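This report concerns only the one structure given below.
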Amino acid sequence: MPPFPQTRLPVTDVARQTFAQVFGGPRRIFRAPGRVNLIGEHTDYNLGFVMPAAVDLYCSVAIAARSDRELHVYSAHFAEKLVCDLEPPHPSPRGDWSDYVIGTAIALENSGFELRGANLVVSGEVPLGSGLSSSAAIEVSTGAALLNVSGHTLDRKQLALACQSAENEFVGARCGIMDQFISAHGQAGHALMLDCRSLEATSLPIPSDVRLLVSNTGVKHQHAAGEYNARRRQCEEGVRLLSSALPGLQSLRDVSAAQLEQHKRLLPDLTYKLCRHVVTENERVLQMADSLVQGNLAAVGKLMADSHRSLRNDYEVSCAELDIMVDIAAGLPGVIGARMTGGGFGGCTVNLVEGRAAESVGRELMAQYEARTGIRPETYILNATDGVTEVT
Ligand code: GAF
């Protein structure tokens, strides 16, 4: 059994040391977190509600401005360097880590922020492909670094929107705003309930005796990105079909459960099930916020279980490994609630756990999951943390 919790790389130190080796000279360092989502999955691109928390797994970017308009970017993880001119014509995506950096720079320039050239070292510790949003952490840390050395004041909302557009336009993933928003706006000790239409966020304290235990199934199934974009298209199709009965309808956010049942006959069965997930998930987020405020942890646990069931049965984005991890957690003393977190098809589950039980729950989860799947999982006890910051 590996030691628990697992040792983590001091990611900011890696960025600092690597910068000294690759470029040398003075530099500044910006650090942005990954995230877990407590509830509200696949609702962001339907302009509904989500409840993520930024977590203390980071991407750090060490940066110094150049006198030209070139970006010289070095990835500490891949030990690879890339040079790109900020002057058009812009390069095409390469389908690797550099797309998140270059895409963010291009998106910021397209939003009207003129950037200086810069030397950058990128170093991340958010496990790649784990559903904890390593991509948002790279985008937001890079974006904050580029804006700052170019003399722009940091508007966190604009930064999040530019990073989302980098992912949508350059990387080619049609993600919603959740991940970039929380990486920019996270608050230590809190989850944020975000209205993805107005971008208004409500801070919700995570009770001090509750820990965030994240378990990584160790699998990422193929075609996840294609399935994600397909779900999004099907939701848009649901809106189009429902709008014949609900004129002016723009998103599933504005459909109530009663309306969906009333107009069910307009939708093919599969589309109906997808819409039902989104509509009921939005209701669950609002109920979860109330339950957290009231300290009703039994209700929190039930809402998380209902969310997982809906993602598995209606939205069909879970997988055998995620279901096994959630099933094991449900039987362990000290677990308040458990569900898949993020886009699905593998990645992590999030568990809310009574503080004193966190380590034993983590150990049991790992042992029972390995016994049932043959895969050795990773488990992290994480803290809700602040959004992007400069570190000294
Ligand atoms: C991924 C996306 F990037 C988010 O925007 C969100 O849609 C999530 O999947 C599912 O809730 O993390």
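In a fully extended conformation the segment linking Ala245 and Asp209 would gain 8.2 nm over its present Cα-Cα distance, using 0.36 nm per residue. Could you compute the FRET efficiency for Ser111 and Ala20, with r as their C-beta to C-beta distance and R0 at 25 Å, rounded to 0.05? Between Ser111 and Ala20 the formula returns 0.20. Rg and Dmax, both from the Cα atoms of the stretch 19-81 and both in Å, are 17.2, 46.
Between amide H atoms placed 1.01 Å from N, distances below 5 Å from Val50 occur with Leu194, Cys196, all of them 5 or more places distant or on a separate chain.
Summing Lys, Arg as +1 and Asp, Glu as -1, what charge do residues with Cβ under 14 Å from the Cβ of Arg69 carry, Arg69 excluded? Net of charged neighbours comes to -4.
At 0.36 nm per residue, and after removing the present C-alpha to C-alpha distance, how many nm does the segment from Arg356 to Thr202 gain when stretched out fully? If you can, show how the numbers build up before the last one.
Working: separation 154, 0.36 × 154 = 55.44 nm, distance 2.78 nm.
Stretched fully, the Arg356-Thr202 segment lengthens by 52.7 nm.
Along the chain, the exposed loop sites are trypsin sites (Lys or Arg not before Pro) outside DSSP states H, G, I, E and B with at most 11 other Cβ atoms within 10 Å, and the longest stretch free of them is 95-392. Across all directions, the average projected area of the convex hull around the alpha carbons of the stretch 1-114 is 10.5 nm². Rounded to the nearest 10 degrees, what's the angle between the helix 224-242 long axis and the longest principal axis of the chain, both from Cα atoms, 0 to 90? The angle comes out at about 60 degrees. Accessible surface comparison of His190, His223, probe 1.4 Å, protein chains only, largest first: the order is His223, His190. For Glu378, the residues 5 or more places off, or on other chains, whose built amide H falls under 5 Å of its own are Asn216, Gly218. Based on alpha-carbon centroids, what's the gap between the stretch 176-222 and the stretch 241-285 in Å, whole number please? Cα centroid of the stretch 176-222 versus Cα centroid of the stretch 241-285: 25 Å apart.
Principal-axis analysis of the Cα atoms of the chain puts helix 156-165 at an angle of about 80° to the longest axis. The residues of the chain expose on average 40 square angstrom of accessible surface per residue, using a 1.4 Å probe on protein heavy atoms. Taking every DSSP bridge with both residues inside the chain, close to 90 percent are antiparallel. Take every Cα pair under 8 Å whose residues are at least 6 apart in sequence, average their separation, divide by the length of the stretch 339-392, and the relative contact order is 19 percent. Roughly to the nearest percent, how much of the accessible area of the chain is carbon and sulfur, given a 1.4 Å probe? Carbon and sulfur: 49 percent of the exposed surface of the chain. Of the chymotrypsin sites (Phe, Trp or Tyr not before Pro) found in the stretch 1-99, the ones in coil according to DSSP and having at most 14 other Cβ atoms within 10 Å of their Cβ are Phe78. Our helix-only sum for the chain, with -39,500 (n - 2.57) per DSSP H run of n ≥ 4 divided by its residues, gives a mean residue ellipticity at 222 nm of -12500 deg cm²/dmol.
The values are calculated or read from the model by the stated rules, or taken from the named source; none is laboratory data. These figures come from a predicted structure and were not determined experimentally. Here the Cβ is made from the backbone with ideal geometry for all residues, glycine too, and neighbour counts use every protein chain on show. Calculation scope for accessible area: heavy atoms of the full protein, side chains included, ligands and nucleic acids excluded. Shrake-Rupley method; radii C 1.70, N 1.55, O 1.52, S 1.80 Å.
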